[in-house]
Amino acid sequence: MTERRAYPDIPLFRYDYTDLSIDQVARALAAPALAGPASGEPFDDLAGTTLRLRCEGAEDIDFHFLPEQRVTFGAAETGYGALRLDHVTLIALLVPRSTRGYAIAWDRHDNRATLIELWFGDGPAPKAREVNRAIWHGHADTEHTEMGHGSPAAEPHMPTNRCEGRACLWREDNGNRTIDYYPSAAFSHWIELDRLAEGRGYSAPSDYIRLTEDLYLYTRTEAEFSGLWHMYVMDANRLESVGLRLGFNGADELEFYMFRGHGEWLGQIARFETFGDVSGDPLAMPDGPKGARRIYRPLETMERMTPAEVDAAIAEHGVQVFERASPMAGHGLPPSDALAGREFAIHYDGGLRVDYRFAGADEVQWRADGGDWTRGRYNAWQTMPGVFIFGHFVGGANHDGHIVVADLDSGKATCFRGYLNTPYFANEAGAETLFGKIVGQDIPDCGDARHERTTDLIGRAFTWSYSPGLTSMHVYSSPNTVSWVIFTPSQHGGAEWSGSGDYVKIRDQLYFVRWQEEACNGTLGTILINMRTMHDSGISYHMGAHGLSISPVGAYARHAGRFEHVLPYLSEKQGGYPV
Amino acid sequence: MTSTRRDALKLGALAAAPIAALAPVAALAADDSAARLARLEDERAVAGLVRMFVRRFNGDGDCSSFVASSSAIRIDPQVCHIREDAGHDPLLAFAADGNSATWQSRAQVDLQTNFAGDSTLEKMARFQGQGSAVTRASRQIDASLSRSGQGWTITRLTIA
């Protein structure tokens with residue numbers, strides 16, 4: 001059992017969140033529901049206001065606001081919170097003696113309203129602690145208006161992709177700072193700068209609702225982690241927000257508070273829908289049960305193997321090293337035979353020394369630390385003249401694979417060592433980064449110089465088109481995180497996930513990047529990015545029930561842009577975690 | 001697993017039924033105009049046969065009634081739709097005895113790639129309901145045909 005922490009000091013995908021029962025949830029909600037949410041500033045007083053919410057698809061609800069932050073609806077009376085952002089008021093409340101609640105965004109100019117129904121338990125979320133939400137758009141029929149009365153003539157609030165491609169730093173009035181990337185129309189990626197220490201990014205399903213040209217409503221459900229629900233209404237021009245956080249943190253403490261935030265613009269990247277398409281909610285499930293949408297839950301489809309099962313699968317199926325074409329390399333460069341006939345050694349810092357004899361275009365002999373020679377299969381790609389990425393199976397107790405970038409013109413080499421039998425799932429790849437020098441005929445001695453970790457890519461995003469119909473976008477979101485988004489047929493950003501990453505500069509505009517698909521698919525992905533040709537060559541290291549495979553990766557790139565102001569918030573964060 | 005057109009071809013009952021009954025050209029060689037008429041009718045029959053093959057391929061996929069044997073067809077299993085390319089005239093050549101012919105034409109074909117692998121992106125694509133992708137490519141149809149007692153039959157057809 002991991003140590004109980006509200007905000008764990010281990011990656012969230014490693015934290016063992018309690019599987020709270022609905023009774024535990026109900027008990028935790030009982031008192032806060034009656035009191036209403038907490039807040040760092042006084043709430044707006046809506047006493048005397050009646051909001052009759054009329055939203056398409058939802059039951060009509062009449063809220064009568066009373067003095068002292070009380071509200072009645074139906075037969076219930078409870079506390080509420082309300083914060084105003086310009087002409088929109090955000091209202092939050094829980095239904096007493098239930099596990100349900102509401103958030104309401106009410107536009108006081110024209111009475112358009114978005115009603116968000118919230119609940120724990122009863123699905124579609126698989127666990128009681130994960131907040132469900134259903135979103136309805138309509139209007140508030142009320143006597144208290146500033147600009148009119150009754151049903152507005154304008155279109156209701158609606159899902160949108162207008163936020164897609166932006167990123168902001170939000171500083172809440174409780175002191176918490178979060179970098180929120182919005183690279184998808186259905187997911188988002190966030191980095192907690194204060195409550196979590198690593199500067200690691202995580203991805204979660206999100207809603208983006210257009211209230212006005214300036215004002216947008218954003219939500220994320222921290223599915224697969226705590227299940228917390230975080231939302232705010234943001235003013236994209238003034239970079240102000242008001243929001244609500246509801247759910248249970250890592251210590252199973254209820255968080256139910258509203259906040260005001262101040263934003264900083266971090267930049268924006270391209271989006272790829274047809275020009276003029278501003279539609280949203282691309283992963284909706286309109287025929288599903290209330291609150292349903294497509295939520296990527298990678299552990300559901302991940303094989304989880306023990307070390308014994310890994311050994312057995314490798315014994316049965318072997319290790320497939322560049323044995324077949326991969327859809328992840330449909331647009332890849334052809335392998336190079338330029339290493340054939342060459343011999344050199346790589347002396348890694350820390351002592352490991354590997355000698356290589358490249359016997360042919362795909363046959364290599366290698367030995368470690370002066371041991372016996374081993375013959376194996378390799379593939380190499382010369383991504384920039386004089387720079388090769390090659391990979392081969394090493395073996396050993398953890399079934400290592402070496403993926404090496406060798407710059408024969410500078411004498412520097414970097415290896416991403418992939419290995420299995422990590423402490424979590426034996427088939428999940430771990431990785432470490434080894435720096436070294438190349439020793440061989442006609443190869444210059446680089447002395448103590450090495451390739452170095454870099455922050456050059458942080459904040460950048462590239463699309464990678466691997467094969468027809470198979471394109472993703474990488475967002476290099478922090479020094480230790482790579483996030484990836486896949487597109488829907490309409491080229492909306494769709495599902496997004498992320499894992500540990502590391503970034504090494506090989507030459508100007510040439511970068512060696514790895515990411516680990518932890519608690520996801522277990523793959524170690526590596527690519528050598530050539531920003532001059534906008535092409536990459538890479539190698540995937542993956543273990544599954546069908547054995548261990550080392551496969552090519554190759555794709556055409558587009559530079560989606562750069563969140564150019566994000567780095568100052570992340571430059572102190574460490575990169576290159578081994579697992 | 002998505003079945004392919006080729007699967008359907010394999011599975012269909014191979015009746016090899018002739019398409020059009022025509023008098024042999026050679027038999028009518030003495031009468032030049034009759035021979036030309038017969039040739040025109042042969043051309044029309046062969047073109048119609050290829051067209052019907054394409055139409056059936058795009059429909060239920062069971063083209064067995066147009067071919068001589070199950071091994072007559074060699075089409076990439078990724079091909080899921082064929083469109084005749086009107087920008088290129090087909091080439092049709094008859095053997096001297098008029099009992100066999102070869103056909104060449106260009107086509108735009110849709111190639112379906114199923115994302116059935118275990119890479120993360122393929123899994124994510126399947127999660128989003130995108131289990132496959134379709135791309136369009138220009139290909140050449142090459143066919144050999146023979147005349148049987150009652151009409152023309154495809155003895156070999158490739159799309160490459």
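The values are calculated or read from the model by the stated rules, or taken from the named source; none is laboratory data. Worth saying up front: this structure is predicted, and the values here are computed from it rather than measured. Using ideal geometry, Cβ is built from the backbone for each residue, glycine included, and neighbour counts are taken over all protein chains shown. The protein model used for the area step is the full one, side chains on, heavy atoms only, and it has no ligands, DNA or RNA in it. Shrake-Rupley method; radii C 1.70, N 1.55, O 1.52, S 1.80 Å.
Details
- Under 5 Å, built H, 5+ apart or other chain: amide partners of B:Val79: B:Gln112
- Shielding by partners, peptide B:110-120 (average Cβ within 10 angstrom, other chains): 6
- Using θ = phi - 60° and Karplus 6.51 cos²θ - 1.76 cosθ + 1.60, couplings along the range A:326-334 (whole Hz; Gly, Pro as x): 10, x, 7, 9, x, 10, x, 6, x
- Semi-axis lengths, largest first, of the ellipsoid equivalent to the range A:174-316 are 31, 21, 16 Å, with √(5λ) applied to each eigenvalue of the Cα gyration tensor.
- Taking a ≥ b ≥ c as the square roots of the eigenvalues of the Cα gyration tensor, an a/c ratio of 1.5 or more together with a/b no larger than b/c marks the range A:307-569 as oblate.
- Taking each residue as 0.36 nm, the span from B:Glu41 to B:Ser71 lengthens on full extension beyond its C-alpha to C-alpha distance by 8.1 nm.
- Taken residue by residue and averaged, Cβ atoms of other chains lying within 10 Å of the Cβ of A:538-546 number 1.
- In this entry, the range A:21-295 is assigned a mean projected area of 13.9 nm², taken as a quarter of its C-alpha convex hull surface.
- Placing A:Arg450, A:Arg100 in order of accessible area, with the largest value first and a 1.4 Å probe, yields A:Arg100, A:Arg450.
- Of all beta bridges that DSSP places with both ends in the protein assembly as shown, some 95 percent have antiparallel geometry.
- Bins of 10 Å from zero: percent of alpha-carbon pairs in the range A:12-71: 17, 27, 34, 18, 4
- Spin-label model, A:Asp372/A:Ala325: points 7 Å from Cα along the beta carbon direction are separated by 3.8 nm.
- Folded to 0 to 90 degrees: helix A:22-35 orientation relative to chain A principal axis, Cα: 50
- Measuring between their Cα centroids, the range A:210-239 and the range A:504-579 lie 29 Å from each other.
- FRET efficiency, A:Ala38 to A:Tyr424 (Cβ-Cβ, R0 35 Å, nearest 0.05): 0.50
- Close amide H pairs (under 5 Å, H built 1.01 Å from N) link A:Glu363 with A:Tyr378, residues at least 5 positions away or on another chain.
- A Förster radius of 51 Å combined with the Cβ-Cβ distance from A:Ala292 to B:Ala160 puts the calculated FRET efficiency at roughly 0.70.
- Each principal axis of the Cα atoms in the range A:243-297 has its own extent, and those three values, largest first, are 44, 37, 19 angstrom.
- Residues with amide H under 5 Å from that of A:Leu283, placed H, sequence gap 5 or more: none
- Average Cα contact separation per residue, the range A:323-424, under 8 Å, 6 or more apart, as relative contact order %: 16
- Relative contact order (%) - chain A, alpha-carbon pairs under 8 angstrom, separation at least six: 12
- Computed from backbone phi, the HN-Hα couplings of the range A:527-544 come to 9, 9, 8, 9, 7, 7, 8, 6, 9, 10, 9, x, 9, 9, 10, 9, 10, x Hz, rounded to whole numbers (Karplus: 6.51 cos²θ - 1.76 cosθ + 1.60, θ = phi - 60°; Gly and Pro given as x).
- Volume of the convex hull of chain A (Cα atoms only), normalised per residue: 147 Å³.
- Packing around the peptides A:181-187, A:527-533, A:371-377, A:300-306, taken as the average count of other Cβ atoms within 10 Å per residue, puts them in this order, highest first: A:181-187, A:527-533, A:300-306, A:371-377.
- Solvent exposure of the range A:262-408 as accessible area per residue, Å², 1.4 Å probe: 48
- Separation of the A:Thr72 and A:Thr50 label points, Cα + 7 Å toward Cβ, nm: 1.1
- Chain pair A, B: total accessible area buried, heavy atoms, 1.4 Å probe, Å²: 1800
- Gain in span if fully extended, A:Ala397 to A:Asp448, counting 0.36 nm per residue against the direct Cα distance: 15.2 nm
- Remark: mean inter-chain Cβ contacts per residue of B:124-135 equal 6, using a 10 Å Cβ-Cβ cutoff to other protein chain atoms.
- Estimated distance in nm for a label pair at B:Arg126 and A:Thr306, the labels positioned 7 Å out from Cα along Cα-to-Cβ: 2.6
- Stretchable slack from A:Asp9 to A:Glu264, in nm (0.36 nm times residue separation minus alpha-carbon distance): 89.2 nm
- Per-selection Kirkwood Rh - the range A:1-122 (Cα, Å, 1 d.p.): 16.1
- Sum of -39500 (n - 2.57) over DSSP H runs of 4+, divided by residues of chain A (222 nm, nearest 500): -1500 deg cm²/dmol
- Other residues within the sphere of radius under 10 Å centred on the Cβ of A:Met305, judged by their own Cβ, net out at -3 (K and R +1, D and E -1).
- Cβ-based net charge around A:Leu53, under 13 Å, with every Lys or Arg adding one and every Asp or Glu removing one: -4
- C-alpha center-to-center spacing [the range A:9-32, the range A:316-357] in angstrom: 46
- Surface share of carbon and sulfur [accessible, 1.4 angstrom probe, percent] for the protein assembly as shown: 49
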